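Let me begin by presenting the structure, written as structure tokens, before commenting on it.
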Amino acid sequence: MGATADYLAIDLGASSGRGMLGSFDGQRLSLREVHRFANGPVNSASGPCWDASALFGEIKRALSLAVRSGASLAGVGVDTWGVDYGLLSSTGELLEPPRHYRNPRTHGLMQEAFHRVPRALLYERTGIQFLEFNTLDQLLADQRAAPTRLKNAAALLFMPDLFHYWLTGVRQTEHTIASTSQMYDPGAGAWAEDIIATLGLPTHILPRIAAPGSPLGPLLRTVADETGAGPVSVIAPASHDTASAVAAAPGTGSDWAYISSGTWSLVGRELPAPVRTPAAMAANFTNERGVEGTIRFHKNIAGLWLLQECQRVWAAQGRVYSFEQLRNLALAAEPHATFVDPDDASFAEFGDMPARIRDFCLRTAQRPPESDGAVARCILESLSLKCGVVTAAWKIPSGRVRTIPTTGGGVHNTLLSKFTADATAREVLAGPVEATAAGNIMTQALAHRRVTSLREIRAVIAASLPPRVYHPKSAAAWHQARTRFVSLLPL
């Protein structure tokens, strides 16, 4: 057993952020939360955006609190959600606040892109799921609204890159976050510059790409002094939060798939190479990079976002529920009463989600849920069934799936894990809850050669933070539910 090293993971999600301190002694990893804070969009004249400056303040506070707790930091790294970015001026200043991916400015731009680059060619080169908020579409929105600003921008930095830049002064991105953009070739591991240029977008703003676990440099003197952290090494982990979570998934061999469960649910498999076939495009699967050059072949589906929006609306109406209270209300509600397609366009933006769920039920000739618990159960069962539908597309990369490791904040919701096992008819390995932070930290440890492979990272995390196992039950009832659910999906 070697000397213990402390690493700080800054894990920023679309609804909250945390600073997690990880101590690794060469065999076991222990995690401790040092700071947790809310995150969410701020409204502006141009729609929802991110308060990057406030988030950076929280990052510095996490550093300060880690140091005050007695940690001797060997490294710090930031991971965030994908696609969103900031544009820098020639002097390194943000040209405007980074836009939120749910900003409606991108509506219709995906079809406009297809007029310049055929859909099939775009997928053949980038392998990315067609979503209206991809970085490519956001840049097309910039091009339409402020072409001079885009042309004069000196650099594009994705959200983790922006915070790493403010920590170190280094402008660089990393493969896992770059691969979310729909401007990256996952097979070549490089920007698809010909596609970008054909769309009339600037290529000079694209930063250099490094591998997960690449040291960026020490903290800037100003940050080191302000936080008391000293010249700590800043390390680019798997900077896309899902990539860090999948790196922590307790999967071995080749007969497993993963669900990264949070605001979004990402359902898929880890493969050695991208799958950019017509069948993969028709199923709208994405190919994003992981640790050690792996490919995360998955589908993004709406996750607990629907329930989070319901909770926000209910709280505004005076009904504030803890996770446990909401779980109990859902458990008491009638099973398989109503379903929604979590990816229906009506659920995509901020608003009165309970009312939208009722409207969906009326549109699809179902009885709307009449209580908050029934709404919650409808959402959780529908999410589980949508994951089950996606598993049917796992035949695209051949090989049987026996187990499904699930990671992320959704693991807190034990009812969702139970329903997922039932709906997919597969064993679910739920945990670790803080998989993203664990993957982030162990990727930092990889930079220091304290572990030497992705397999070793997973072995350490599984031994340190073992998952909870859920076995499928009620097969006949869930089979009937799946038949009804599929009838609600678009053809």
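The values are calculated or read from the model by the stated rules, or taken from the named source; none is laboratory data. Quick caveat: nothing in here was measured; it's all calculated off a predicted structure. Cβ atoms come from the backbone with ideal geometry, glycine included; neighbour counts cover every protein chain shown. Note: areas computed on protein heavy atoms with side chains; ligands, DNA, RNA excluded. Shrake-Rupley method; radii C 1.70, N 1.55, O 1.52, S 1.80 Å.
Listing for the model above:
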{"quantity": "Odd one out for residue 415 among (1) touching a Gly at 6+ places or on another chain (Cβ under 6 Å); (2) over 28 Å from residue 160 (Cβ atoms); (3) not charged (D, E, K, R)", "calculated": "(1)"}
{"quantity": "Residue within region 375-397 that is open to solvent by 20 Å² or more (accessible area, probe 1.4 Å), not hydrophobic (A, V, I, L, M, F, W, C) and not in a helix (DSSP H, G or I) present", "calculated": "no"}
{"quantity": "Tabulated pairs, region 277-290, first more than 15 Å from residue 182 (Cα to Cα) and open to solvent by less than 10 Å² (accessible area, probe 1.4 Å), second of a type in the set (Lys, Arg) and modelled with pLDDT of 95 or more, C-beta under 7 angstrom, 6+ apart or interchain", "calculated": "290/296"}
{"quantity": "Lone qualifier among 324, 334 - being free of Cβ contacts under 8 Å to residues at least 24 places away in the same chain and open to solvent by 10 Å² or more (accessible area, probe 1.4 Å)", "calculated": "324"}
{"quantity": "So residue 357, is it closer than 15 Å to residue 482 by Cα, touching a residue at least 24 places away in the same chain (Cβ under 8 Å) and in a helix (DSSP H, G or I)", "calculated": "no"}
{"quantity": "Lone unmet requirement of (1) free of Cβ contacts under 8 Å to residues at least 40 places away in the same chain; (2) at negative phi; (3) out of contact with any strand residue (DSSP E or B) (no Cβ under 9 Å at 6 or more places or on another chain) for residue 433", "calculated": "(3)"}
{"quantity": "Check on residue 439, crowded, with 22+ Cβ neighbours inside 10 Å and more than 19 Å from the chain's Cα centre (by Cα)", "calculated": "no"}
{"quantity": "Number of the exception - residue 295 against (1) open to solvent by 20 Å² or more (accessible area, probe 1.4 Å); (2) under 27 Å from residue 238 (Cα atoms); (3) of a type in the set (A, V, I, L, M, F, W, C)", "calculated": "(1)"}
{"quantity": "Cβ pairs under 7 Å, 6+ apart, first in region 36-60 and farther than 13 Å from residue 84 by Cβ, second among the aromatic types (Phe, Trp, Tyr)", "calculated": "56/163; 56/166; 58/37; 59/163"}
{"quantity": "Long-range neighbours under 9 Å by Cβ, at least six apart or interchain, first residue open to solvent by 40 Å² or more (accessible area, probe 1.4 Å) within region 450-466, second small (Gly, Ala, Ser) and part of a helix (DSSP H, G or I)", "calculated": "465/435; 465/438"}
{"quantity": "Test result for residue 199, touching a helix residue (DSSP H, G or I) at 6+ places or on another chain (Cβ under 8 Å), modelled with pLDDT under 95 and either more than 18 Å from residue 165 (Cβ to Cβ) or of a type in the set (Val, Ile, Thr) (or both)", "calculated": "no"}
{"quantity": "Residue selected from region 258-282 under the condition of a type outside the set (Gly, Ala, Ser) and assigned to a helix (DSSP H, G or I), by the criterion farthest from the chain's Cα centre (by Cα)", "calculated": "278"}
{"quantity": "Filter result for the condition that a residue is buried (at least 22 other Cβ atoms within 10 Å of the Cβ) and touching a residue at least 24 places away in the same chain (Cβ under 8 Å), over 140, 131", "calculated": "140"}
{"quantity": "When residues of region 189-210 are limited to those that are closer than 26 Å to residue 443 by Cα and free of Cβ contacts under 8 Å to residues at least 40 places away in the same chain, the one most open to solvent (accessible area, probe 1.4 Å)", "calculated": "208"}
{"quantity": "Index of the failed condition, residue 166 passing every other in (1) among the hydrophobic types (A, V, I, L, M, F, W, C); (2) open to solvent by less than 10 Å² (accessible area, probe 1.4 Å); (3) under 23 Å from the mean Cα position of the chain (by Cα)", "calculated": "(2)"}
{"quantity": "Selection status of residue 311, assigned to a helix (DSSP H, G or I), over 23 Å from residue 488 (Cβ atoms) and open to solvent by less than 50 Å² (accessible area, probe 1.4 Å)", "calculated": "yes"}
{"quantity": "Top-ranked residue in region 93-102 [being touching a helix residue (DSSP H, G or I) at 6+ places or on another chain (Cβ under 8 Å) and of a type outside the set (Phe, Trp, Tyr); ranked as surrounded by the most Cβ atoms within 10 Å (Cβ to Cβ)]", "calculated": "99"}
{"quantity": "Residue satisfying condition, being under 17 Å from the mean Cα position of the chain (by Cα) and among the β-branched types (Val, Ile, Thr), within set 486, 411, 401", "calculated": "411"}
{"quantity": "Residue under evaluation residue 489, criteria (1) in contact (Cβ under 8 Å) with a residue 24 or more places away in the chain; (2) more than 30 Å from residue 213 (Cα to Cα); (3) out of contact with any Asp or Glu (no Cβ under 7 Å at 6 or more places or on another chain), criterion not met", "calculated": "(3)"}
{"quantity": "Options 365, 330, 337; residue that is in a loop (DSSP other than H, G, I, E, B) and in contact with a Lys or Arg (Cβ under 8 Å, 6 or more places away or on another chain)", "calculated": "337"}
